[in-house]
Amino acid sequence: MRRPRGLTALLALVVLTGTLGACSERSERSELSESGGGAGQAAGPSKGADGPDGASPRTTTPVADGSQVPGWTSVTFSPETPRTAGKLRQAADRMKQRAVSLGLKDVRVDVTGGDITTRAAGDSEKRLTALGQTGALAFRPVVTVSAATAGKCEDLRREAALRDSESVTVCGGTEGAEALDYVLEPASLVGSDVAGAKAQLDSNSGSWIVSLTFTSKGAVKFADVTGELATQQSPMNQFAIVLDEKVLSAPAVSQSITGGQAQISGAFTKESARELASLVEYGALPVRLKVSSVTRFPSTAG
C-alpha cells in the first residue's frame, strides 16, 4: 500500500475563479431566503432550449429594449450523463444548502424532468452557477511538478498510470501566475474527511481565509500525512489541494500538523472564500452538471 502524505498548517491557495454550474427540475420547488427560507409554490420559468449541439450554453433576453434592466435570471443545468430522479433531487437539495450558506436571497431550485434550474432576482448568473459546481475535494501528495509544456501531458499521464491506478495527472494547474503540470499520488484525504469549513476575515492580515475542521478520523490522517510529507525532499514534500480535478495550490509541509484544523489562505474576496467554504462544507454534488441555458428576464425601467 502506498504511504499517505500531507498538507501545511497554512495552505496558500489561488483565488477560486471560473464559472460554477447550476441546474433545474420541476418535481421539487423551493424558495430560499438568506435566513434559510421555506418551500414555495410559485411557478418557475420555462426551460430555455439547448444550443444546436445540446451542450453549449444559450443566453436569451426576452425583452431587448436597451432602456430595460434585468428583473431576474434563470440558469438551467443538465447532467453530463443521465441520472435518476433521486440523484437529481439530492443534487438540488445540496444546491439549496449552498445557497443558504452563501447568503443568496430568494433563490429557487427546481427539478424539471432530467434537468435542474435555479432562479434569482437581478443579473445573478455568476452567483447561480456557483451553486452547481461539483465540489469534489481531494488532498493528493505531489510526485512531480514542472512548468507546463505543450504536448507533455500525455507523457505525464503514462507516468501516472505506471505508478498506480489511482494516480492522476493535472496539466496547466496554476501556482501564482505560473502554469504547472503535476503528477499526483492517490488522495490521502477527501472532502468527507472535513467536518466543517467557514469563511473568515483574518484579523491579523485583514484578508479572507477558509478555516477547515477535520473529522476525528480525518484529523488522525491529516497528522500522519503531514508528518510523513515533512520528511520528504521537494517536490515530494508538497500536498496538492485539488477541487474538481483542478490544482488550487500545492504547498510544502515542514512538520506534522495536529489538532484537526487548518487554514486556507490566498487572494480571496469575501465571495470567493464563501464559495469555497460552501463547496467543502456541503460536499460534492452526486451529479456532474453542465450549463444548458441562461435566461435573463428584464423588468421595465422606471
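Nothing in this text is a laboratory measurement; each read-out follows from the coordinates by a stated rule. It should be emphasised that the depicted structure is a prediction, and the values quoted were computed from it without experimental measurement.
A few remarks follow.
- Reach of Lys96 by Cα under 23 Å, taken over lysines that are not fewer than 8 positions away in the same chain: Lys47, Lys87, Lys105, Lys126, Lys198, Lys270, Lys290
- One quarter of the surface of the convex hull around the alpha-carbon atoms of region 81-193 equals 10.1 nm², the direction-averaged projected area.
- Distance distribution P(r), region 173-289, all Cα-Cα pairs, bin width 5 angstrom from 0: 2, 11, 18, 22, 23, 17, 5, 1 percent.
- Over region 93-181, relative contact order from alpha-carbon pairs under 8 Å, at least 6 apart, %: 19 percent
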